[in-house]
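These notes are about the structure you will find just below.
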Amino acid sequence: MYINVAQLLKEPVGSTRHYIVDEFVGEQCENRVQGKVTLTQAKGSILVTGSMIATVHDICNRCLNPVDLSIEFKIEEQYFPSIDIVSGLPLSTNPENYTIDKNNIIDLSEALNQYVLMKMPMKILCKPECAGICPSCGKNLNESTCKCQDQIKNHRWSKLANLKKGE
């Protein structure tokens, strides 16, 4: 999402603008982020704050079925201008900060994408009790059981399997 902040940069400190966000983010632009942001003129920068909900399309880590996740997050980032709004001269910028480009445009896409990635669960599951797939035949164990489930997968573990059976 691109927002022109030229006028906001010229206004007094504390001036605000409100925007509705409806953006697709991610490597293939498959994740949708919706919400509201407030842009506030801070001294020498623009503070972006807001509440978002992202709809993320991914796959279950156990059964490999498609999963849709809903992720809520709050954004708070500061954007620094790369040129002086009055003179048009370039300003020194820190490469670690988000910047406002030379046309006084803020691009929220990268920040939104990073917030979505930070809020993603470490292990994506279709349901907490997902059984996954059989490592031998590849059958989805959520749908049915397979016959190879009781077989010993690796002969090195056969002694331990006998202990489990009480032998």
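A few remarks follow.
- Within segment 77-95: backbone nitrogen closer than 11 Å to the Ser109 label point (7 Å, Cα to C-beta): none
- Each 5 Å bin from 0 upward holds the following percent of the Cα-Cα pairs of the chain: 1, 8, 13, 13, 12, 10, 8, 6, 6, 5, 5, 4, 4, 3, 1, 0, 0.
- For the chain, adding -39500 (n - 2.57) for each run of n ≥ 4 DSSP H residues and dividing by the number of residues yields -4000 deg cm²/dmol at 222 nm.
- Cβ-Cβ FRET estimate between Arg17 and Ser70, R0 fixed at 35 Å, reported to 0.05: 0.80
- Each residue, Thr40 and Leu89, gets one label point 7 Å from its Cα in the Cβ direction; the gap between the two is 3.0 nm.
- At most 10 other Cβ within 10 Å, DSSP loop - GluC sites (Glu not before Pro), segment 1-103: Glu27, Glu96
- With at most 14 neighbouring Cβ atoms within 10 Å, loop trypsin sites (Lys or Arg not before Pro) (DSSP) excluded, longest segment of the chain: 44-101
- Over 32 Å between alpha carbons, listed pairs Lys36/Lys139; Lys43/Lys74; Lys10/Lys119; Lys119/Lys147; Lys43/Lys123; Lys102/Lys123: Lys36/Lys139; Lys10/Lys119; Lys119/Lys147; Lys43/Lys123; Lys102/Lys123
- At R0 = 30 Å, FRET efficiency that the Cβ-Cβ distance of Ala6 and Ile53 yields, to 0.05: 0.55
Here, each number is a calculation from the coordinates, and none is a lab measurement. Computed from a predicted model, the values in this text were never measured in an experiment. Don't worry about glycine lacking a Cβ; one is built from the backbone with ideal geometry, like all the others, and counts go over all protein chains shown.
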